[in-house]
There are 2 protein chains.
Amino acid sequence: MTRPLPCRDVFDLPEGIIYLDGNSLGPLPKAAAERVAHTVSGEWGAMLIGGWNGAGWIDLPQRVGDRIAPLIGAPPGSVIAGDTTSVQLYKALSAALALHPDRAEILSEAGNFPTDLYIAEGLVAQVPGRRLRTEPRDAIIEAIGPETAVVMLTQVDYRTGALHDMAAVTEAAHAAGAAVVWDLAHSAGALPVDLGAVGAEFAVGCGYKYLNGGPGAPAFIYVRPDLQERVAPALSGWLGHAAPFDFDPGYRPAEGIVRMQVGTPGVLSMSALDAALEIWEDVDVTEVRAVSIALADLFITEAETRCEGHGLELVTPRDGARRGSQVSFRCPNGYAVMQALIAEGVVGDFRAPDLIRFGFAPLYNTEDEIIEAAKRLAVILAERRWDRPGFLARAKVT
Amino acid sequence: MTRPLPCRDVFDLPEGIIYLDGNSLGPLPKAAAERVAHTVSGEWGAMLIGGWNGAGWIDLPQRVGDRIAPLIGAPPGSVIAGDTTSVQLYKALSAALALHPDRAEILSEAGNFPTDLYIAEGLVAQVPGRRLRTEPRDAIIEAIGPETAVVMLTQVDYRTGALHDMAAVTEAAHAAGAAVVWDLAHSAGALPVDLGAVGAEFAVGCGYKYLNGGPGAPAFIYVRPDLQERVAPALSGWLGHAAPFDFDPGYRPAEGIVRMQVGTPGVLSMSALDAALEIWEDVDVTEVRAVSIALADLFITEAETRCEGHGLELVTPRDGARRGSQVSFRCPNGYAVMQALIAEGVVGDFRAPDLIRFGFAPLYNTEDEIIEAAKRLAVILAERRWDRPGFLARAKVT
């Protein structure tokens, strides 16, 4: 029994805002607000240290991981939440390199999300003989070779929304004997992912975009079950130890995915994410995907029709199957245009140098909103509203 | 104008509990509950993505760091909050090793808190030619030598409460050309620390013990100001970049302490910690330290007098100047005794194999509580209450 989409009543959405930026930060689920209040007063306040067992904080990262797992085609016990996406990526990459000690290369895309490249840079700087190689998007599969230890890619491009063919890349990597690390930041909760079918070794992702876990929500990491007993995380912390409360002086990794945990999890943020994930008990991500494609198709049509002649250029694949859940246009004066649009109650975002970006979340976005957003964009462009003297100073800059 | 101690009204403390475990998890400050509720509904809910600038989330880790700085003798701009203590330690150690590329050794104490040793183990396993060496507590200074890149110690021993002489160890390390990393987990908010005077290169610490930031609160890291432009964090994430929203493909570290930031900070947990730290505007940590010593002295006297003949053996230095803010006794059947004590409303904790541990937090602990705690401990030992059939099964195990 699934809930019909949208299910806006799940969220505490501000009045009068058309929110097309859930791919940066999802809105507040009412259940998250209630849960955090309870965690603060009913658990921390009332149970004190007893909350670790009494309120189940100690297992919460695994329970949250198990809620995320079905969204990404992962079995129970293969995902754990915690840390940030960047830190999770460091763990995944270091573990992937350790699986291939004789191969030098982390291969990635030149246009990958910068933190992915920065983290890889920092890791290879630690480890002599390893290097980061980047290639253009379309040259990745060809570039995989005997030197490739791991291919690291983000499934959905954060600027264009273009989707990698996860199965094809993973297959090519495996054919060359390399591992893969998928960054699912813009995938989890936006489209069905099937890590199991694809056979990816590692994946990481973000809790605060389409999973609506709140600002800076914990990230997550997936390790393919058959590898869990072999991987050695570089970040070997006490909550990844087989028996943390034995206080052994030597590190002995926990069984299974728990070894990818490091320090003490942030329980307040984790509780918000846990509550935000409850919606997926009643909503099917396949249906979310279908609606997302329809909303984005509608926005492309409406925006292109209404804004004709104002220089918008679609950079997102027109074929819904080849993009994530966002639409981006190259737009002259894009920064100012987006500020003007936000001032008019349509929240998207801007990505340098000239992209205006709109994310679609079928949990709360409606067709009417999408049409209205395109209308307001057209008015702003037609009236050059962003170009009025002093506009930027007055605009509600978010 | 400082507030008199204790200032229990700052906290939301459960009735009928004598809480001597603030060194594991500090209790809930009322201001933290209010602040988190506001951050959830008034910021995340109302401002959505606009909260990053509008509510100042983006600078929050620095503001929290600046609140912690005076407690540890650090100047503004030298501390930043985020991640977990374990992850912060990895950053500090990797940066310290990078300062000394020709020295092989991380030197630590065999009895250091396990996660510190585990993190060092994980780091040296990444980097060929580096190793972790541990020595007994009293042999550390002598062990520092030309191979020592960095000395890593926890100022207050988590079991015994014994305090390292931070000035002497740091001086010895510097005399040998090595760097130091101090773990202040049991120091910050418990006793005055003067990193500036000592000249330590790095320090890390915990937000959820004496700083009362909530379960799994963000940790913090300190980098000595003159080193900030030189250190290269292994975990080079986008929020440590000089211009994260330029989305440069190459990593370029931010100026100052911000480069020690990695991913997107957990705003809900960070807000709780920020509010919890407000108390230090009105309370002097020097006074907290004086009261803490007096409370611990009182507890030692009361417990030893009242529990005589039941095998308690003090493992904490009797000299207040040589310990942190806790008292531990070796205690036969310590685990069961502590469970019985918790069932009687006195919350301390147990550390394997046989230590019962009591933390003292002058912000909320009173002399009357300390005397009452010793009385109840004496009754439990005298009546062998922990030894009654089925006791453990019935006890409220926390």
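The values are calculated or read from the model by the stated rules, or taken from the named source; none is laboratory data. Nothing here was measured: the structure is a model prediction, and the numbers come from that model. A quick note on method: Cβ atoms are made from the backbone with ideal geometry, for glycine too, and the neighbour counts reach across all protein chains shown.
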For segment A:1-16, pairs from a residue that is surrounded by 10 or more Cβ atoms within 10 Å (Cβ to Cβ) to a residue that is basic (Lys, Arg), with Cβ under 6 Å and 6 or more apart or across chains, are A:ASP12/A:LYS30
Within segment B:71-87, residues farther than 20 Å from B:TRP238 by Cβ and within 13 Å of the chain's Cα centre (by Cα) come out as B:LEU71, B:ILE72, B:THR85, B:SER86
Picking from B:SER24, B:SER78, the residue that is among the polar types (S, T, N, Q) and more than 20 Å from B:ILE279 (Cα to Cα) would be B:SER78
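Residue by residue, here is whether (1) without any contact (Cβ under 8 Å) to a residue 24 or more places away in the chain; (2) touching a Lys or Arg at 6+ places or on another chain (Cβ under 8 Å); (3) under 21 Å from B:SER187 (Cβ atoms) holds:
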| residue | (1), (2), (3) |
| --- | --- |
| B:ARG306 | no, yes, no |
| B:ASN333 | no, no, no |
| B:MET338 | yes, no, no |
| B:LEU355 | no, yes, yes |
| B:ALA361 | no, no, yes |
| B:ILE371 | no, no, no |
| B:LYS375 | no, yes, no |
Pairs returned, first residue in segment B:85-102 that is farther than 16 Å from B:PHE220 by Cα, second residue that is in a loop (DSSP other than H, G, I, E, B) and β-branched (Val, Ile, Thr), beta-carbon separation under 6 angstrom, 6 or more apart or interchain, are none
Taking A:LEU277 as the residue in question, decide whether it is under 15 Å from A:LYS375 (Cα atoms) and either in a helix (DSSP H, G or I) or more than 12 Å from chain B (Cβ to nearest Cβ) (or both).
no
- [ ] Can you confirm whether segment A:77-86 contains a residue that is assigned to a helix (DSSP H, G or I), polar (S, T, N, Q) and out of contact with any Asp or Glu (no Cβ under 9 Å at 6 or more places or on another chain)?
- [x] no
Result of the Cβ filter at 7 Å on segment A:235-250, keeping first residues that are within 8 Å of another protein chain (Cβ to nearest Cβ) and more than 20 Å from B:LEU132 (Cα to Cα) and partners that are part of a helix (DSSP H, G or I) and charged (D, E, K, R), at least 6 apart or interchain, is none
Of the conditions (1) assigned to a loop (DSSP other than H, G, I, E, B); (2) more than 7 Å from every other protein chain (Cβ to nearest Cβ), the single one that B:ARG259 does not satisfy is (1)
Those residues of segment B:130-181 which are within 14 Å of chain A (Cβ to nearest Cβ), closer than 22 Å to B:ILE293 by Cα and not basic (Lys, Arg) amount to B:THR154, B:ASP157, B:TYR158, B:THR160
Picking from A:ALA296, A:ALA321, A:ALA343, the residue that is at pLDDT below 95 and among the small types (Gly, Ala, Ser) would be A:ALA343
Within segment A:185-234, the count of residues that are under 12 Å from A:LEU71 (Cβ atoms), within 13 Å of chain B (Cβ to nearest Cβ) and small (Gly, Ala, Ser) comes to 2
Filter segment B:229-285 for residues that are in contact with a helix residue (DSSP H, G or I) (Cβ under 6 Å, 6 or more places away or on another chain) and of a type in the set (Ser, Thr, Tyr); the one that is farthest from A:GLY266 (Cα to Cα) is B:TYR251
Looking across segment A:90-114 at residues that are outside any loop (DSSP other than H, G, I, E, B) and out of contact with any strand residue (DSSP E or B) (no Cβ under 8 Å at 6 or more places or on another chain), the single one that is farthest from A:VAL181 (Cα to Cα) is A:ALA98
Can you confirm whether segment B:232-250 contains a residue that is more than 17 Å from A:THR84 (Cβ to Cβ), out of contact with any strand residue (DSSP E or B) (no Cβ under 9 Å at 6 or more places or on another chain) and modelled with pLDDT of 95 or more?
no
Scanning segment B:115-129 residue by residue, those within 9 Å of another protein chain (Cβ to nearest Cβ), over 23 Å from B:ALA162 (Cα atoms) and either not hydrophobic (A, V, I, L, M, F, W, C) or not in a loop (DSSP other than H, G, I, E, B) (or both) turn out to be B:GLU121, B:GLY122, B:LEU123, B:ALA125, B:GLN126, B:PRO128, B:GLY129
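Yes/no per residue for (1) touching a Phe, Trp or Tyr at 6+ places or on another chain (Cβ under 6 Å); (2) free of Cβ contacts under 8 Å to residues at least 12 places away in the same chain; (3) buried (at least 24 other Cβ atoms within 10 Å of the Cβ):
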{"site": "A:LEU20", "(1), (2), (3)": "yes, no, yes"}
{"site": "A:PRO27", "(1), (2), (3)": "yes, no, yes"}
{"site": "A:ARG35", "(1), (2), (3)": "no, no, no"}
{"site": "A:TRP52", "(1), (2), (3)": "no, yes, no"}
{"site": "A:ASP59", "(1), (2), (3)": "no, yes, no"}
{"site": "A:ILE68", "(1), (2), (3)": "yes, no, yes"}
Of B:GLY26, B:GLY56, the only residue that is farther than 28 Å from B:THR160 by Cα and modelled with pLDDT of 95 or more is B:GLY56
Restricting segment B:75-87 to residues that are crowded, with 20+ Cβ neighbours inside 10 Å and in contact with a Pro (Cβ under 9 Å, 6 or more places away or on another chain), the one farthest from the other protein chains (Cβ to nearest Cβ) turns out to be B:SER78
Take A:GLY213 and tell me if it is out of contact with any Asp or Glu (no Cβ under 8 Å at 6 or more places or on another chain) and either modelled with pLDDT of 95 or more or not hydrophobic (A, V, I, L, M, F, W, C) (or both).
yes
Taking segment A:249-286 and the residues there that are touching a Leu at 6+ places or on another chain (Cβ under 8 Å) and within 16 Å of A:PRO70 (Cα to Cα), the one that is surrounded by the fewest Cβ atoms within 10 Å (Cβ to Cβ) would be A:TRP280
